[in-house]
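Step one of this worksheet: look at the structure below.
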Amino acid sequence: MKIREYITFDDVAIVPGKAVIEPSDVDLTSKFSKNIEVYIPVVSSPMDTVTEWRLALALARLGSIGVIHRNMSIENQVLNIKLVKSSPQSVWFEVLKAREEEPIESITFRMDEAGIGSAILFSGSLVSGIIVKSGLDQDYWYSKASSLISLLREYKPTPLLDEDGRLRVAAAISPFDERRVKALEEAGVDALVVDVAHAHNVNVISSVARIVKNTSVDVIVGNIGTKSAVLDYLSKADGIAGFRVGIGSGSICLTAEVTGAFAPTLTAVLEAREALEELGAHGKIPLIADGGFRNVGDIAKALIAGASTAMTGRLLAGAEETPGTKVRVGGKVYKQYRGMASKGSIERRYAEDRYSKPSKGIEEGIEGLVPYRGSVISIVAELVAGLKAALGYAGAWNIESAWRGELARITSAGREEAKPHDMII
Ligand code: IMP
């Protein structure tokens, strides 16, 4: 038996390549699926502490896409899709201006009276924060982000729209729930993401083949971790619109620890790319590198390895727009983040969806807290700036040219040298 070798983000570095443009001009436009383009190659995980309508709406307005999780009834998931599809495109509607000293209650009273959804707070001539009214629960949220407006101005988001000018949104499905597929399609969902922990399974493959045949929207399949999984799928199911790759890398994931099974996201992308290149389909069938990203550099490495987009739960979980409630611990604010195979998520699944299949009976995810980070707008703006810088170093000017970039294997000495060192801080 030949033992394979796995490599992961920390094992490689981006090789600096000849740059022909400035980093700020790097074009991040990519493909989420065969027929759906995104302007930012970072999408959100279908997890019950990450993506419901509010995060998906914000992401679509910024030029990306969210995948609504499936840990809820069909009716509720349909409602989530409809809320995104029926919302206005722009990040800013009419804005009310207020002085920072004005009490929040007085500002929200004025917003209500004027029927205006957002207020910008000024301290002198500087922007000191924003207040936004959310559509569903009529709550207000406040973001103290002095840099928010300048970030937006610099980065000029282009909303992600369908042919009818409505914002785009995707939804996670089980491969065995045709009723849900039909309902989501009728609600106007743009793409379906078959959401299973180990999709390289003969029953899943035949169900996916049926779903793809009977639906007109793009169907993405995952998760898979090997070259042979891609080859098997493409020989048995015609018309797959994308693959979600990586098994066991997620920050909340226990799979590798509990079961010993693991396909690190970076290796999984390289393997899937090899399969697609053999079939002449790399770039035509997009790869979503899923899980394990700790920073923008990891995302850039996955893109250079051959992915079209990166899917993350961890990097977005601290956003205001995620479903989790805020928790205060020792004066700091956090949001809950948990694996979809954690105890809490599994319990919710049985409570909310009586059609859910019995699970494997083991927990493969953990539950915890991540620091609260304010609006996803500033998180995404930071990711965009970082990705442009990283791809700029690689000598890339867009995602396709990034695929011609190079990664180098580094030693543990190199990894140490790459960090700040020999300093008293
Ligand atoms: P993260 O961004 O590193 O936290 O990884 C998120 C990814 O982990 C998701 O997109 C899923 O592919 C995966 N995932 C979500 N929940 C679980 C779980 O409970 N166990 C294992 N993997 C999970």
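The values are calculated or read from the model by the stated rules, or taken from the named source; none is laboratory data. Here the structure is a predicted model, which means the values were calculated and not measured. Because the Cβ atoms are built from the backbone with ideal geometry, glycine has one as well, and the counts that use them run over all protein chains shown. Just the protein is used for accessible areas: all its heavy atoms, side chains included, with ligands, DNA and RNA removed. Shrake-Rupley method; radii C 1.70, N 1.55, O 1.52, S 1.80 Å.
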I362, sole failed condition from (1) over 25 Å from the mean Cα position of the chain (by Cα); (2) away from the ligand (no atom under 16 Å from the Cβ): (2)
Residue within segment 250-261 that is outside the structural domain of L316 (by TED's automatic domain parsing) and in a strand (DSSP E or B) present: no
Segment 236-254, subset open to solvent by 20 Å² or more (accessible area, probe 1.4 Å) and of a type in the set (V, I, T), residue farthest from the ligand (Cβ to nearest atom): I247
Any chance E271 is within 18 Å of V12 (Cα to Cα) and more than 19 Å from the chain's Cα centre (by Cα): yes
Residue count, segment 159-184 (criterion: more than 21 Å from the chain's Cα centre (by Cα) and under 20 Å from S87 (Cβ atoms)): 4
Verdict on L266 being under 22 Å from V193 (Cα atoms) and more than 13 Å from the ligand (Cβ to nearest atom): no
Listing of helices (runs of 4 or more DSSP H) fully contained in segment 332-425 that carry 1 or more residues being within 23 Å of G250 (Cβ to Cβ) and open to solvent by 50 Å² or more (accessible area, probe 1.4 Å): 343-352, 376-394, 412-418
Residue match in segment 67-79 (condition: under 11 Å from V169 (Cα atoms), modelled with pLDDT of 95 or more and open to solvent by less than 20 Å² (accessible area, probe 1.4 Å)): yes
Check on K343, within 13 Å of the ligand (Cβ to nearest atom) and at pLDDT below 95: yes
Segment 9-48: number of residues that are over 22 Å from L167 (Cβ atoms), open to solvent by less than 30 Å² (accessible area, probe 1.4 Å) and within 16 Å of the ligand (Cβ to nearest atom): 1
Count - residues of segment 313-331 that are surrounded by 12 or more Cβ atoms within 10 Å (Cβ to Cβ) and in a strand (DSSP E or B): 3
Options I205, I220: the member that is in the same structural domain as T51 (by TED's automatic domain parsing), open to solvent by less than 30 Å² (accessible area, probe 1.4 Å), away from the ligand (no atom under 16 Å from the Cβ) and at pLDDT 95 or above: I205
Pair list, Cβ under 7 Å, 6 or more apart: segment 400-425 residue farther than 30 Å from K284 by Cα, other residue assigned to a helix (DSSP H, G or I): I410/D11; R415/D10
Pair list, Cβ < 8 Å and 6+ apart or interchain, from segment 349-374 residues that are under 19 Å from P323 (Cβ atoms) and of a type outside the set (V, I, T) to residues that are at pLDDT below 70 and open to solvent by 50 Å² or more (accessible area, probe 1.4 Å): R349/S359; G374/K144
Set E274, E278, E257: member being acidic (D, E), open to solvent by 30 Å² or more (accessible area, probe 1.4 Å) and at pLDDT below 95: E257
